[in-house]
Amino acid sequence: MASKQMVHMNHGQGETSYAHNSSFQSAEQNRMKPLIEAAIVELCSNTTTMSHGKMVIADLGCSCGPNAVALVSIALEATHSHFLWLRQPPPEVSVLLNDLPYNDFNAVVKSLVAVRQIGEPLVVTGAVPGSFNERLFLSASVHLFCSSNSLYWLSKAPEDLRINQIPAYDIDENARRERLPVVAGAYAQQFRKDFTLFLQLRAKELVPEGRMVVSLQGRRSDEPVTESSLIWGTAAQILGTMASEV
């Protein structure tokens, strides 16, 4: 439980805050826009799903800063535009933002004030602190889940590595290369477990024929060192050195 409480992005609006250092994440969210808009059109066109004139939209791993409300804002604007085109009153919408408990929810709540002004006739908002590796919402209650650059955060380090005292990144290059298949395999297995659980939980929380739009980074090559991964190797080496000096 301690890890769930401690992990968070840098709070506030300072130079080192997440709010001022999240342009990469913002670009990824922009690429999700057509997918979210398409999901909204599909939802709003389904008379069974929208039979009660209400919609619940949830962002999993919202973090803080301007990115926190970006995805739900896209969904709200798409909903409003679709019903304006239909010349029909839009549904009442509940927007729920989720992240771990130590996220800067004070800043998130301030951002939600602007979100409430996007939709008509009614948009209610709320924060849902907790891990998305657990149940967060009522059964069959959410119409649209969104998540960007969050699902590769694992619930825990692989148990096999912990038991055998194998570090995720060894400063010794030879040892690191030798252990790479074991380390990569352990993390891949943990991701499969977490992602399978994530899908099972969301399946319970989605309304029938609900939608989910998620994005996460990947790579095409199985090679441990590629042009795109060099920066991560450098960052890992720096972090490993810092950790050894603590």
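Please treat every number below as a calculation from the coordinates, not as lab data. Being a predicted model, the structure only gives us computed values, none of them experimental. A quick note on method: Cβ atoms are made from the backbone with ideal geometry, for glycine too, and the neighbour counts reach across all protein chains shown.
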At a 10 angstrom cut-off on C-beta neighbours, averaged per residue, how do the peptides 193-200, 209-216, 95-102 rank from highest to lowest?
95-102, 209-216, 193-200
Highest mean packing first, using Cβ neighbours within 10 angstrom, the peptides 48-54, 77-83 sort as 77-83, 48-54
Among 159-165, 175-181, how do they line up by average Cβ neighbours within 10 Å per residue, starting with the highest?
175-181, 159-165
Leaving out same-chain residues fewer than 8 places away, which lysines sit with a Cα under 26 Å from that of Lys33?
Lys54, Lys110, Lys204
